[in-house]
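The next block holds one structure in the form of C-alpha cells; read it before the comments.
The values are calculated or read from the model by the stated rules, or taken from the named source; none is laboratory data. Bear in mind that the values here come from a model prediction, so they are computed numbers and not experimental data. For accessibility, only protein heavy atoms count, side chains too; no ligands or nucleic acids. Shrake-Rupley method; radii C 1.70, N 1.55, O 1.52, S 1.80 Å.
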Amino acid sequence: MSEVREKLTGLSERITNLLGGDNRVANASIEGVYLPFWIFDALLKVNVTLWDESAKWGAQRSLQAGKTGYQQFNYPDGATGLAVPAFKSPDPKLALELGEFALVDMLPYEPKLLASHPAEIYEVDFDAASLEARSLVARQAREAAEAQYGDRNTRVSATAFPLQMTFQLALLPVWVITLFERDGDQRPALVHGQTGRVALGKARKSA
C-alpha cells in the first residue's frame with residue numbers, strides 16, 4: 001500500500017482536496033489475483049519519412065527522394081513480451097499502465113500453482129486481442145522513430161506494419177485494490193505483482 005499512498009500524494013490529488021474534495025482513504029479492499037493476458041511477440045517493418053523543416057517550402061517541394069531535405073527509408077523492428085489484457089474487469093486500460101512483466105521464468109499451467117490466489121478466466125478472445133496488439137506495437141514503433149530521428153528542424157512521419165506475430169496466454173500477478181475515500185467516492189487501483197508499479201484509476205461515486 002505504500003506505493004498507492006505515494007501516488008495519492010501527487011499534485012493533482014492535493015489540488016482536489018484544496019477544491020473541497022476529500023480523497024483521503026478511509027478503507028481499502030485488496031486482493032491478489034492472477035489476471036489473464038495475451039502475450040505477443042511481433043516482427044515489424046517501419047517506414048520513415050524525414051523532412052528538413054529548415055529548407056524553404058518551395059525548394060523542398062521539388063526535392064526527390066534520397067536528396068538533401070527529404071529522406072525515406074525503412075528498417076525491421078520487433079516487440080517481445082507485449083501483454084494485452086484478456087479480461088474486461090478490472091479496467092483493461094488501467095492494466096496497460098502497469099508496464100512490462102518479467103516472463104523469462106514463466107511456468108506451465110498447473111492448478112496447484114493457484115492455491116494461494118484466485119485466477120480469472122479470459123474474456124477477450126485472440127482476434128480482438130491481436131487487433132489491440134497490432135495497434136500498440138505500431139504506436140510504440142512510431143514513437144521510437146520520432147524520438148530517434150526527430151528534432152526541431154526535422155519532421156518525422158513513421159508507419160509500422162506487423163509482418164509476423166506469435167502469442168500465448170498467460171496468468172500474471174496483479175493486486176486489485178478498491179479505495180474507499182472519506183467523501184464517499186470509490187477509486188480502483190492496480191499494483192504490478194512483480195515491480196510494485198501502481199496504476200490509479202479515477203474516483204467515482206459509490207452506488
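Selection of strands (runs of 3 or more DSSP E) fully inside segment 118-207 by the criterion of at least 2 residues being open to solvent by 90 Å² or more (accessible area, probe 1.4 Å) and of a type outside the set (Lys, Arg) returns 154-181. Listed by position, the helices (runs of 4 or more DSSP H) enclosed by segment 1-102 that each have at least 1 residues that are within 30 Å of Thr178 (Cα to Cα) and either at pLDDT 60 or above or open to solvent by 90 Å² or more (accessible area, probe 1.4 Å) (or both) are 2-8, 11-18, 92-95.
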